[in-house]
Amino acid sequence: MPVAIVGSTATGKSALALAVARAVGGTEIVSVDSMQVYRGMDIGTAKPTAADRAEVPHHLIDIAEPTEDFTVVRFRQAADDALRGIRERGNRALLAGGTGLYLRAVVDRLEPPGEWPSIRAELEREPEPAVLYARLEAMDPVAAARMTPTNRRRIIRALEVSIGSGRPFSSFGPGLTSYGATGVVQIALRVPRPVLTARIRARFEAQMAAGFLEEVASLARQPLSRTAGQALGYRELLAHLRGDIALDEAVELAITRTRQFAVRQERWFRRDPRIAWIDADDDANPLEAVLARLGDSIRCT
């Protein structure tokens, strides 16, 4: 039975997944991170080290160029291939990451609709989200009711699918509000907000000291894709390199946005009643808690 360790950024998911893999032989880790898929985006995405990846097999890391748009459809296909290979080797799969939509695509077998880049490009030329939202309300009121009028990215996606496919966006499956039974044991890490805030700041400062700005400068020599260019930390440092904002302002903005993103991640996972929560603050021992919760399930699969 596959196992997933999820949670907000900086809760220690990757370190815990590696510890579980070390404790339970034959475990391979499948990354569920929408930015670790990109080659060259290493420091800012907190990728596992080369030594860690040599010790325990990791999948879905460095599978795309930062010039490519990477989609949930492509992720699910890659994840299916990785999980199939792990099963064929007689090993155990441990999903680990914080990209909730990607996780749902794998565990709930979501069938995302296709893509129509030319339609999306035309929609993106409209600067006002309210205009786009009004159009979506007229075309697919059910989909419109599921999102806020200011969520430009989701509105454009819903319009793109509705126009391109000729059917309402809301007609593609039960959506993300349905939580059916799966064969995946899901565990989320919980860290008190003050502790998480301190961790986010400390990690970003360590990333800057490790050469994060230089990494971004190297990436900026090529045109980054829409998805890669919006990655937390990269987006703000790119703005600094363009001369839009000072470095200290970029750093503070990145930390603030990462903290806000962590809150959204936690809310996403809390909506899923199938996820069990484990404390992972500085005084807790999440490895023992995870192994105790899993019991024999991970050892017998």
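Restricting attention to region 115-135, and to residues there that are surrounded by 11 or more Cβ atoms within 10 Å (Cβ to Cβ) and in a loop (DSSP other than H, G, I, E, B), which single residue is farthest from the chain's Cα centre (by Cα)? The qualifying residue farthest from the chain's Cα centre (by Cα) is GLU126. Pairs linking a residue in region 134-150 that is among the small types (Gly, Ala, Ser) to a residue that is surrounded by 14 or more Cβ atoms within 10 Å (Cβ to Cβ), with Cβ atoms under 7 Å and 6 or more positions apart or on different chains, are ALA143/LEU136; ALA143/ALA158; ALA143/PRO168; ALA143/PHE169; ALA143/SER170; ALA144/TYR133; ALA144/LEU136; ALA144/GLU137. If you go through region 219-237 and pick out every residue that is over 18 Å from ASP33 (Cα atoms), aliphatic (A, V, I, L, M) and in contact with a helix residue (DSSP H, G or I) (Cβ under 6 Å, 6 or more places away or on another chain), you end up with 2.
Which one of ALA143, ALA82, ALA138 is within 19 Å of VAL6 (Cβ to Cβ) and either in a helix (DSSP H, G or I) or in contact with a strand residue (DSSP E or B) (Cβ under 9 Å, 6 or more places away or on another chain) (or both)? None of the others qualify; the one that does is ALA82.
Screening the candidates ALA105, ALA96, ALA121 for the property of being aliphatic (A, V, I, L, M) and over 24 Å from GLN260 (Cα atoms) yields one hit, ALA121.
Look at PHE70 and say whether it is assigned to a loop (DSSP other than H, G, I, E, B) and aromatic (Phe, Trp, Tyr). Please lay out each step first, then the result.
Details: assigned to a loop (DSSP other than H, G, I, E, B): yes; aromatic (Phe, Trp, Tyr): yes.
So PHE70 fits the description; yes.
Contact annotation: no residue pair with Cβ atoms under 7 Å, 6 or more positions apart or on different chains, pairs a residue in region 180-203 that is outside the structural domain of ALA250 (by TED's automatic domain parsing) and among the aromatic types (Phe, Trp, Tyr) with a partner that is surrounded by fewer than 18 Cβ atoms within 10 Å (Cβ to Cβ) and at pLDDT below 95.
Across region 146-190, which residue is surrounded by the most Cβ atoms within 10 Å (Cβ to Cβ) among those that are of a type in the set (A, V, I, L, M) and within 29 Å of ALA276 (Cα to Cα)?
Within region 146-190, the subset of a type in the set (A, V, I, L, M) is 147, 155-156, 158-159, 161, 163, 176, 181, 184-185, 187-189.
Narrowing the set further to residues that are within 29 Å of ALA276 (Cα to Cα) leaves 147, 176, 181, 184-185, 187-189.
Working: MET147: 17, LEU176: 15, ALA181: 7, VAL184: 16, VAL185: 23, ILE187: 21, ALA188: 23, LEU189: 26.
Here the answer is LEU189.
When you scan region 191-301 for helices (runs of 4 or more DSSP H) that lie fully inside it, which ones turn up with 3 or more residues that are in contact with a strand residue (DSSP E or B) (Cβ under 8 Å, 6 or more places away or on another chain), at pLDDT below 95 and surrounded by 15 or more Cβ atoms within 10 Å (Cβ to Cβ)? Outline the logic, then answer.
Numbers: elements: 193-209, 212-219, 234-241, 247-270, 286-294, 297-300.
Ranges flagged: 286-294.
Scanning region 2-17 for residues that are assigned to a helix (DSSP H, G or I) and buried (at least 23 other Cβ atoms within 10 Å of the Cβ) yields a count of 2. Only one of the numbered conditions (1) in contact with a helix residue (DSSP H, G or I) (Cβ under 8 Å, 6 or more places away or on another chain); (2) surrounded by fewer than 21 Cβ atoms within 10 Å (Cβ to Cβ) is not met by MET41, and that is (2). The residues listed here are ALA105, ALA96, ALA79; of these, the one that is in contact (Cβ under 8 Å) with a residue 24 or more places away in the chain, assigned by TED's automatic domain parsing to the domain that holds PHE269, crowded, with 21+ Cβ neighbours inside 10 Å and under 21 Å from GLY233 (Cβ atoms) is ALA96.
For region 85-106, which residues satisfy the criterion of being in a helix (DSSP H, G or I) and within 15 Å of the chain's Cα centre (by Cα)?
So in region 85-106, the residues in a helix (DSSP H, G or I) come out as 85-88, 100-106.
If the condition is that a residue be in a helix (DSSP H, G or I) and within 15 Å of the chain's Cα centre (by Cα), then GLY100, LEU101, TYR102, LEU103, ARG104, ALA105, VAL106 are the ones that fit.
The values are calculated or read from the model by the stated rules, or taken from the named source; none is laboratory data. The structure presented is a predicted model; accordingly, all values stated were derived computationally and were not measured. Every residue, glycine among them, receives a Cβ derived from its backbone with ideal geometry; neighbour counts consider all protein chains shown.
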